[in-house]
Amino acid sequence: MANSRYQLIVEEYLRTQYLPRYFGQDFRIARLALSSGGTFEFDAVSQDGEIVVCISTSTGRTVSSKFVSGKMHKLRADMLFLLMVQARRRIILFTEEDMYKICLSEKEKGRVPPEIEFLRAEIPIEIDVALKAARKLASDEVLPGQRLTALLKLENNTDGVAE
């Protein structure tokens with residue numbers, strides 16, 4: 001099973017080191033009330049409660065260079081929750097340049113609410129290396145099943161290709 005420990009380490013670094021330096025105040029994880037009546041736990045909320053942040057450590061492409069539509073759906077859900085919370089600033093903070101650029105492009109096309117801000121943060125190299133290694137391990141866990149499916153397809157000739 002994939003280990004999300006390094007993602008949590010990155011989030012902790014951004015919440016306790018990066019965001020306080022950038023905004024000049026402390027941040028914490030917080031469950032906030034939504035305008036719909038429910039609650040949602042945000043990755044980082046400023047001490048004064050005026051800045052609410054969702055953190056993304058996702059890349060914009062899979063190992064096989066496919067677009068990560070599932071990750072984009074997650075970001076769109078985060079945007080919805082950000083819109084449903086009382087805050088002066090609503091931010092998605094990215095660690096990965098490619099995902100940051102994809103979202104900026106979406107914003108330029110008018111496909112992101114204007115209330116949502118995007119920021120990009122550099123993380124220390126040792127954390128970045130560990131995160132990328134954990135991401136690769138998680139990806140490798142999925143590949144054997146995909147290989148097996150492809151092999152069975154070839155063996156059974158279920159793809160409609162003549163032998």
(request) Quickly work out the residue 50-to-residue 76 label distance, labels modelled 7 Å from Cα along the C-beta direction, and quote it in nm with one decimal. (result) 3.3
(request) Would you grab the residues whose amide H sits under 5 Å from the one on residue 26? Only those 5+ places off in sequence or on another chain, please, with H modelled 1.01 Å from N. (result) 47
(request) Run down the lysines and flag those whose C-alpha is under 20 Å from the C-alpha of residue 71, throwing out any fewer than 8 positions away in its chain. (result) 101, 107, 109, 132, 136
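Values quoted throughout were computed directly from the atomic coordinates according to the rules given, and no laboratory measurement underlies them. Predicted model only: the values in this text are computed from it and were never measured. When we count neighbours, we look across all protein chains shown, and the Cβ atoms used for this are built from the backbone with ideal geometry, even at glycine.
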